[in-house]
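Chemist: Right, I'll just put the structure down here and ask away after.
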Amino acid sequence: MGVDIVMDFFISYAREDAIFARALVGRLKEAGWDVWIDQEDIPPSVPWMTEIQHAIDESMMMIAIASPDWLASAACLIEVDLAEKGRVPVVRVTPDSDRLDDIVGRVVAAIRALPEQRAVALQANSAAAIWDSAGRTKPLLVRGQPLRLMRATLTNHPVDFSDTARVFIATSRQASIRRWILGLALGFIAPVLGLGIWVSLLVASKTDEQVAENVAHYTDLAEQNTYADWNIYSGLERSPSDVTGSYTDYYQLFSFLAERTPSSWDPVPVTDGGAQTAESPDGNSWAAISGSAIEVTDSSGSIKRLLASAPVSALAWSNDSRWIAVATSVGADVISVDNGQAIPLRGGSGTTESVRWDGASDVIVGGSTGSGTWRVLDASPAAVTDGVRYGAYADHYLYTVSAPGEVSKTDVVSGTTTVLEDGSDSTPTAMDSMGSTVVVAFDASEPFLLVIDATNDSSRVIPMPDCSPLALSLTSDEQAAYLACSEVNTNRTRVNLGTGAIDSQPMQDQLAYGVRALDDRVIWGGHAGLVSQSDLDLTPGGVLTTTCPAPLRKFVGARDGSALFPIGDATGSFTCASRIQLRGEDTDGVTLNRLILPAADGHAAPDAATSPDGSLVAYGLSDGRVRVFTTSGFYPVYFAQVLPDQVRAVSFSDDGTSLVVAGLGGEIVILPLPTTVGEDRAGELVDDAVARLQNAIDWGIYTSTQEQR
């Protein structure tokens, strides 16, 4: 058994830093936080590694007291490696007793920035462990809203869930379906056939009729002035309480635009079964079907389970060994080997029998009614680095920094990558560019800024002795950088990039967590969603509440403040889908537009960017997708799947005709945008949706999939 309850913090420290560790633990516990520290909590009879693994898995966040002794400790490095493999966020602090209050404030701000899905996953893991230890009895299964929340979180963020939790959720779902079917049989509940484009397989006798009705309904809806209406129903012009029931229809149509349906169809039945096991093309892994999952064994013998939407009948590796396509009892999925996210391929092929890749981007699925070709990936990597944490575009190059601190630049035309700075023990926390200047902020025992001249790649360091940087923004003249620092007394900081002179102001209404330098003012994002302003000399200004619960780390948009789009913390908070329009010198005249449907549709958005002409905003999502909208009416103009893991950086090219996208695994993708953009493109998406619906009818292949309940 692991720890009895979910902990807020796991403390990783070297024994030489025990005094500081105890002081930190004491201060956190005084503030009401639950802390796990091995000196107090490991029973002598329990094997060390097993208990450490349980404790890390069941903690919301790891605090690493990153002293020289910690860096030299093999045990500490094992702990942080376990955390990183388990996707447990790690905050590194230096053991400075004089800065204890600032350190506590920093880690508290960091844990409050964690996305909701982390807590949901931990609750699922804990409930699953209890269910498993009790012999997997039915009374301990979850149902209702908690089950729906766990299933939705598992679909969008699978990496935080244990194997037992996956089985627990699947078993709970099966029990829920059985109860629903029983209710149907007894006449206690009427069959709800769905408000979406697909209907439940559980009412197969009415499938054809209902699909035809749904296709007709949504074709008619799509042919209306859909996106003008969608803006109304999404809350851009209304408050959430005013939204009518039609919102559900628009939500379903909007979601359908992101679904994968076949681009071509061959009606000849496919009866040959596909592969049950297969070695990856790179020779490093072996995949085998196990019910509704794929077990992937790497060269070290470690096994990873990838969960499909239904029992699997065949599998196929992608050429780059990053994806596995599977034929299932209800259709097909394409699953990321990196993080387990699954892309459903909509539009059926009867009983699926086989699946294979056609090149790097297309998947062919065959079944009893024929075979179809699905475009899964919309672009291929132009270059691959050792990993990307942040990125910034300057002078036709994408500059990136990896988690270990290695700084590289990639020519977006040739794909050539050059390493500019080797990795260090410092942690990159922010990055920005303007013109030919690129700045990377590092948190360390002695924090600093790395300033790069993109014209010749020369660099220099500006020490930041009183600032552990959280975010930064460069001025349009490239002369200064504004930083949000974790310290209360220097929370708002301005650095002259020429002289290195530093000016600071203490925290105002909230701890500033993000920053954006505008032409005439500075916008600060609070750790609880508050937006405040200051003059360029840091004199405090007005305050605006966004009702966004996430820490606001970054703002993209026009330098005049006419349209700004805040996004949450890079570790995974929601965008909150707000558009801020600043008018006047203070909060008088400020307009805040809230969108009910997040631009990210429930996914984290680590980065966003606006086009050079200010007409488009692009969000890079945690599931490897990119979504592009107009800045004026928030019309959706382009959706694309580009990476198997989260997008860490997204930028527009200088001419605005393509996106430069960098992923966590180091892939850099150049994604051409459609020749038609703006609100005209929204009309094209409507036409695309209508055509795809009509194809489903013409081909006679549209089979329903289980709706979300």
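Each reported figure results from applying straightforward, stated rules to the coordinates on display, with no laboratory input. All of these numbers come straight from a predicted model, not from anything done at the bench. All Cβ positions, glycine included, derive from the backbone under ideal geometry; neighbour counts span all protein chains shown.
Chemist: Taking neighbour counts of Cβ atoms within 10 Å as a proxy for exposure, in what order, fewest first, do SER302, SER380 appear?
Modeler: Exposure proxy ranking, most exposed first: SER302, SER380.
Chemist: Just to verify a number: FRET efficiency for ASP425 and ARG22, C-beta to C-beta distance, R0 = 25 Å, to 0.05? It would help to have the intermediate numbers written out before the result.
Modeler: On the way: r = 24 Å, r/R0 = 0.96.
The value I calculate is 0.55.
Chemist: Next up: How would LYS554, LYS29 line up from fewest to most surrounding beta-carbon atoms within 10 angstrom? Walk me through the numbers before you get to the answer.
Modeler: Numbers: LYS554 26, LYS29 13.
So the ranking, lowest neighbour count to highest, is LYS29, LYS554.
Chemist: Right, something else. Modelling each spin label as a point 7 Å along the Cα-to-Cβ direction, I'd like the ASP378/THR418 distance in nm, to one decimal.
Modeler: Taking the two extended label points, one gets 3.2 nm.
Chemist: Compute the label zone of ARG460 within region 471-485: residues whose backbone N is under 13 Å from the point 7 Å along Cα-to-Cβ.
Modeler: Output list for this probe position: 479-480.
Chemist: Mind checking the full-extension length gain between ALA501 and ASN489? Use 0.36 nm per residue of separation minus the Cα-Cα distance, one decimal, nm.
Modeler: On the way: separation 12, 0.36 × 12 = 4.32 nm, distance 1.70 nm.
That works out to 2.6 nm of additional length.
Chemist: Would you mind calculating the relative contact order of region 7-112 from Cα pairs under 8 angstrom and at least 6 residues apart, reporting the percent as a whole number? Present the calculation step by step, with values, prior to reporting the outcome.
Modeler: On the way: 141 pairs, mean separation 36.8, N = 106.
Relative contact order comes out at 35 percent.
Chemist: Suppose R0 equals 45 Å. What FRET efficiency, 1/(1 + (r/R0)^6) with r the Cβ-Cβ distance, do ARG148 and ASP266 give to the nearest 0.05?
Modeler: Working: r = 38 Å, r/R0 = 0.83.
Given R0 = 45 Å and the Cβ-Cβ separation, E is 0.75.
Chemist: Restricting to Cα pairs below 8 Å that are 6+ residues apart, what does the relative contact order work out to for region 264-375? Please round to a whole percent.
Modeler: Numbers: 309 pairs, mean separation 29.4, N = 112.
Dividing the mean separation by the residue count of region 264-375 yields 26 percent.
Chemist: Report the Stokes-Einstein translational diffusion coefficient (µm² s⁻¹, integer) for region 264-375, Rh taken as the Kirkwood radius over Cα pairs, at 4 °C with viscosity 1.567 mPa s. Can you show the working numbers first?
Modeler: Values: Rh = 13.6 Å.
Rounded to a whole number, D works out at 95 µm²/s.
Chemist: Could you calculate the contour length gain from SER361 to SER97, that is, 0.36 nm times the residue separation minus the distance between their Cα atoms, to one decimal place in nm? If you can, show how the numbers build up before the last one.
Modeler: Details: separation 264, 0.36 × 264 = 95.04 nm, distance 5.35 nm.
Here the segment from SER361 to SER97 would lengthen by 89.7 nm.
Chemist: At each listed q (0.13, 0.24, 0.28 Å⁻¹), what is the log10 of I(q)/I(0) that the Debye formula gives for region 413-483 modelled as equal alpha-carbon point scatterers?
Modeler: So the normalised log intensities are -0.38, -1.15, -1.38.
Chemist: Just to verify a number: FRET efficiency for ALA175 and SER615, C-beta to C-beta distance, R0 = 41 Å, to 0.05?
Modeler: Details: r = 50 Å, r/R0 = 1.21.
Rounded to the nearest 0.05, the efficiency is 0.25.
Chemist: Taking 8 Å as the Cα distance limit and 6 or more residues as the minimum spacing, I'd like the relative contact order of region 372-481 as a percentage.
Modeler: Values: 236 pairs, mean separation 19.9, N = 110.
Relative contact order, region 372-481: 18 percent.
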